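Heads up, the thing below is written out as structure tokens.
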Amino acid sequence: MIKLTNVFKAFPKGGLALKDVSFHIAKGEFVFLTGHSGAGKSTVLKLVYADEPPTSGEVRVSGFNLSELRRKDIPMLRRRLGIVFQDFRLLEDRTAEENVAFALEVTAARRATIPARVMRVLTQVGLAAKAQAYPRELSGGEQQRVAIARALVNEPTVLLADEPTGNLDERATRGVFQLLRDINASGTAVVMATHDLDLVRQAPYRVIELQEGALVYDSAVDELRDQAASP
Amino acid sequence: MRLVLREALLIFRRAPLLSALSVTTIAFSLFAVGLFGLVAVNLQQALRQVAERVEIVAYLLPGTPIESITLAQKDIEAFPEVASATYVSEDRALARARAELVEFRDVLQELERNPLPGSIEVKLKAGFRDAEHVNEVADRLRGFGFVDDVRFGRDWVEKLDRLQQIAAAVGLVVGAAFAAVAVIIIGTTIRMAVLQRSREIAIMRLVGATDGFIRRPFLLQGAIKGMLGGLVAIGLSYGAYVLINRWLIQAAFFTREQAGTVVIFGTLIGLFGSAASVGRHLRRV
Ligand SMILES: Nc1ncnc2c1ncn2[C@@H]1O[C@H](COP(=O)(O)OP(=O)(O)OP(=O)(O)O)[C@@H](O)[C@H]1O
Ligand SMILES: [Mg+2]
């Protein structure tokens, strides 16, 4: 599904953002990506959605080898991913509905099917009633739900979320997190970068922790080792 | 296609001010080109009118039989360069002199014998009214046995020649400079439009839009802006033309084809300017 093997990432200006990172995320998993600010969480996600190429090592996502990916293949990869950010990244001059429909229009989706598919995901995120609202008329939590609906409408196999609750208060955070859990429960893998440790502790999901670009903890690996160590 | 059109129109609706600014900029850039073109067109026409007066006169020996003259006239008219060959008899030459040279009417009146020779006046077709062709035709005229002398104002033809060459060269250089400036200015306004929408472009890429999909609405709106700019430029030029005609000199306006060329030029600048700006932007992100 998502497989990083000995990945290094150096930015032209700035040091080594990722140092020898390897992990494998299977279909349907829920994974927390944690670490302090600057640890490399966003960089990992950028590699996965081909916003940046790895400096060395191999990144495989949903059948694509990103080291060999040509520019014109990037849209095909992105259509299999759903991506959500801390700052929502909605188009300000389009309604919730239009923002979601937009993600379908750019693909080869059949025009006639778009309205129904849009309403279905908006219902799924609990915003069917606000379909006609513009982003400025929505709360942060609601905007993030629209962004999640947009990420879901192409029926991705993985949802990548970079601090999706970073701009939300506690209540909205719980709501959005619950929504991501529901999405995962229905079979979509979720990779969520966060430094909200309360959230991480709340749920029994896999945790991958980065520190200054290095992978220092992966619960999937380390728990197995711990179990093996204890008699 | 409907989607592309909708997105293109959305670009106008979202940034009406910037769009109006681009159209205005394009219009004034093309207007400058158009004004210059108008000057060029009029200058060319003036030169053409002057060139139309280029005439070669073959003076005939006295006593040449009229049959030979008629035959020669036919021959000359068959030259590829020649538009017309008119025979002016000795009598007609005198009559003309009397009519035109009023000051000498008395002198001419008193003549016992007509001193003026008969002649064949040769006009050349457009495109052959330059020194080289005039000389050639003059040489051929001299070849007729009964032709006494051939006159065509050599200096004058050569000067006209040079004037036309200079006008063409200056026109080309200044016109190209104007067009280049227009392209640069228009390119800048289009780049502004692209930059203004860079956030939107980034989001489009994020949700899996291909470069072509992102580019198409920009190309369409660029072409529309260029076309509108071209039309406004023609309108402005027409206004200038009306003013010039009323207050300064009798001038000519663009032909339908020339006006069409300005509009097409605007459309193409809009199209290729957008293509270049969006392409550059996409390559960088
Ligand atoms: N485009 C870039 N150019 C240069 N350096 C960069 C770039 N993007 C990230 N970095 C560097 O890479 C390192 C990791 O950044 P990254 O954004 O992945 O951290 P993060 O874990 O997401 O942090 P945060 O929790 O603050 O979002 C940082 O040191 C950062 O300065
Ligand atoms: Mg980050």
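Can you list residues whose amide H is under 5 Å from B:Asp149's amide H, if they're 5+ apart or on another chain and H is modeled 1.01 Å from N?
When sequence neighbours closer than 5 places are left aside, the close amide H contacts are B:Tyr59.
What are the residues of region B:169-209 that lose 10 Å² or more of accessible area, with a 1.4 Å probe, going from their chain alone to all protein chains?
B:Arg199, B:Glu200, B:Ile203, B:Met204, B:Arg205, B:Leu206, B:Val207, B:Gly208, B:Ala209
Which residue fluctuates most in the GNM of chain B (Cα springs below 10 Å): B:Leu236, B:Leu18, B:Leu116?
In the Gaussian network model the winner is B:Leu116.
Return the lysines within reach of A:Lys27: Cα separation strictly under 29 angstrom, same-chain partners fewer than 8 residues apart disregarded; answer none if there are no such residues.
Qualifying lysines at Cα under 29 Å: A:Lys3, A:Lys9, A:Lys19, A:Lys41, A:Lys46, A:Lys72.
Residues of region A:64-110 losing 40 Å² or more of accessible area relative to the isolated chain, 1.4 Å probe, heavy atoms only?
A:Arg71, A:Pro75, A:Arg78, A:Arg89, A:Leu91, A:Asp93, A:Arg94, A:Phe102, A:Glu105, A:Val106
List the residues whose amide H sits under 5 Å from the amide H of A:Gly28, counting only those 5 or more places along or on another chain, with H placed 1.01 Å from N in the peptide plane.
Counting only residues 5 or more places away or on other chains, the set is A:Ala189.
Placing +1 at every Lys and Arg Cβ and -1 at every Asp and Glu Cβ, with all other atoms neutral, what dipole size does chain A have around its Cα centre, in debye to the nearest 20?
840 debye
With Rg and the Kirkwood Rh both taken from Cα atoms, where does Rg over Rh land for region B:55-151?
1.02
Using a 1.4 Å probe over the heavy atoms of the protein chains, calculate the carbon and sulfur portion of the accessible area of region B:55-151 as a whole percent.
Solvent-exposed carbon and sulfur of region B:55-151 make up 52 percent of the total.
For every helix of n ≥ 4 consecutive DSSP H residues, a contribution of -39,500 (n - 2.57) applies; sum these over chain B, divide by its total residues, and give [θ] at 222 nm rounded to the nearest 500 deg cm²/dmol.
Here the helix-only value at 222 nm equals -25500 deg cm²/dmol.
Mind checking which lysines have their C-alpha under 24 Å from B:Lys74, skipping anything on the same chain fewer than 8 residues away?
B:Lys123, B:Lys125
Rounded to the nearest 5, what is the percent of antiparallel bridges among the DSSP beta bridges in the protein assembly as shown?
The antiparallel proportion sits near 65 percent.
Express as a percent, rounded to the nearest 5, the fraction of DSSP beta bridges in chain A (both residues included) that run antiparallel.
Of those bridges, close to 45 percent are antiparallel.
For B:Leu101, tell me the accessible area in Å² from a 1.4 Å probe, rounded to the nearest 10.
Accessible area, nearest 10 Å²: 80 Å².
Taking region B:100-158, which GluC sites (Glu not before Pro) meet the DSSP loop condition and have no more than 15 other C-beta atoms within 10 Å?
B:Glu112
With charges only on Cβ, +1 for K and R and -1 for D and E, what is the dipole size of region B:1-105 about its Cα centre, in debye, rounded to 20?
It works out to roughly 1060 debye.
Taking loop as defined by DSSP and a crowding limit of 13 other beta carbons within 10 Å, which trypsin sites (Lys or Arg not before Pro) in region A:77-152 fit?
Hits after loop and neighbour filter: A:Arg110.
State, as an integer percentage, the relative contact order of chain B based on alpha-carbon contacts under 8 Å between residues 6 or more apart.
Once normalised by length, the contact order is 31 percent.
As an exercise, identify the GluC sites (Glu not before Pro) in region A:40-114 lying in DSSP coil whose Cβ has no more than 15 other Cβ atoms within 10 Å.
For GluC sites (Glu not before Pro) across region A:40-114 that sit outside H, G, I, E and B with at most 15 neighbouring Cβ atoms in 10 Å, the list reads A:Glu68, A:Glu92.
What quantity of accessible surface, computed with a 1.4 Å probe and excluding non-protein components, is buried in total between chains A and B, in Å² to the nearest 100?
Accessible area lost upon association: around 1800 Å².
Which helices, counted as full DSSP H runs in chain B, have an axial Cα extent of no less than 24 Å and a Kyte-Doolittle average of 1.0 or above?
Answer set is B:16-52, B:154-196.
Provide the FRET efficiency to the nearest 0.05 for the A:Asp182-B:Arg256 pair, computing r from the beta carbons and using R0 = 45 Å.
Efficiency at R0 = 45 Å is approximately 0.10.
Rounded to whole Å, give me the distance from the Cα center of region A:87-156 to that of region B:256-285.
The two parts, judged by their Cα centres, are 34 Å apart.
What accessible area per residue comes out for chain A, rounded to a whole number of Å², with a 1.4 Å probe?
About 46 Å² of surface per residue is accessible.
At q = 0.08 Å⁻¹, what log₁₀ I(q)/I(0) does chain B have when each alpha carbon counts as one equal point scatterer in the Debye sum?
Calculated log10 I(q)/I(0) at the listed q: -0.58.
Among A:184-192, B:85-93, what's the highest-first ranking by average C-beta atoms within 10 angstrom per residue?
A:184-192, B:85-93
Under a point-charge model restricted to the Cβ atoms of Lys and Arg (+1) and Asp and Glu (-1), what is the dipole moment magnitude of chain B relative to its Cα centre, in debye to the nearest 20?
In debye, rounded to 20, chain B gives about 3020.
Cα centroid distance between region A:40-81 and region A:165-231, in Å?
Spelled out, the Cα-based centre of one part sits 22 Å from the other.
Which one of A:Phe177, A:His195, A:Ala220 has its Cα pushed farthest toward the positive end of the charge dipole of region A:172-226, where Lys and Arg give +1 and Asp and Glu give -1 at the Cβ?
Farthest along the dipole direction, towards plus: A:Phe177.
Provide, in order from the shortest bin, the percent of all Cα-Cα pairs of the protein assembly as shown in each 20 Å bin, continuing until the bin that contains the maximum pair distance.
Bins of 20 Å from zero give 17, 31, 19, 14, 11, 6, 1, 0 percent of pairs.
The values are calculated or read from the model by the stated rules, or taken from the named source; none is laboratory data. Keep in mind that this is a model prediction, so the values were computed, not measured. For neighbour counting, all protein chains shown are included, and Cβ atoms are generated from backbone atoms with ideal geometry for every residue, glycine included. Remember, those area values only see protein heavy atoms, side chains included, never the ligands or the DNA or RNA. Shrake-Rupley method; radii C 1.70, N 1.55, O 1.52, S 1.80 Å.
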